[in-house]
Amino acid sequence: MRARNSRLSIIIVSVCAAIVLVMSIIGGIHDLTAPTAPVETAGDGEVIEYDAYYALEVWVISHKLFGFIPTRQEHFYLTVSEDGANEYVVLASEKWIEDNFDSDGFARGDVHITALLRRTAPKSGLYTSEINDWLSDSGVSINEYLYADAGYKTAGVFKITTGALILIIAALIITIVRLHALQMLNSTGGKAVVAGLVVSFLSLVVIMVWFI
């Protein structure tokens, strides 16, 4: 019975880990290898490049773990090229506008933006009716279903790292189950495996919180 339960536990852990692992790795590889497309025709999942002449922070989305523990904030900026042809809402770091634009919102020199277009659907509160009304009153014409992620390469690395940690955690859990079946969990090697699992799991939690 114990051997059967051990095999069942290993199968369940392996299947769950494989699903999340594949999703993380595919998402990370997609971000890092996304094709570049002309801004006139670019769509979801493609990289655009253009020079921003003016930028304005339009809103901030605050994320909370379990609905009440603050984790991180996402800062969105309306950017416009000098000729007005390219207008995009860009997701970038909190210091991005301060580092690249003056107090009036005008670029300090050439500000070249390389960003991955993503769909806005998962971004709760990104395009509210109030924001759309404000954009319309401002004469801004943008695709409300897309935003440009300037930190897409970092996101890709985080996703791949998440996949690697999940693989490590799954391997450690399987090892612990086997050691438990062999009544060797209290050995020096068993304690080391448990410590490795704790460290790996905490690292995964830190990365996951970054994305929440």
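Values in this text are rule-based calculations from the coordinates and carry no lab data. Keep in mind the model is a prediction, meaning the values are calculated, not measured. Cβ placement follows ideal geometry from the backbone for every residue including glycine, while neighbour counts extend to all protein chains displayed.
Could you pull out every residue, at least 5 positions away or on a different chain, whose amide H is within less than 5 Å of the one on ASP44? Hs are placed 1.01 Å off N in the peptide plane, and Pro or chain starts have none. Amide H neighbours of ASP44: none.
Excluding ALA107 itself, what net charge comes from residues whose Cβ is under 10 Å from its Cβ, given Lys and Arg +1 and Asp and Glu -1?
So the environment of ALA107 carries a net charge of -3.
Put simply, the amide H of ASN86, placed in the peptide plane, has neighbours under 5 Å in SER81, leaving out anything fewer than 5 places away on its chain.
Positive contributions from Lys and Arg (+1) and negative ones from Asp and Glu (-1), summed over other residues with Cβ under 11 Å from the Cβ of ASP31, come out at +2. Between HIS30 and HIS112, full extension at 0.36 nm per residue minus the direct alpha carbon distance yields a gain of 27.3 nm. Here the Kirkwood formula, the inverse mean of 1/r across different C-alpha pairs, assigns the range 156-195 a hydrodynamic radius of 10.9 Å.
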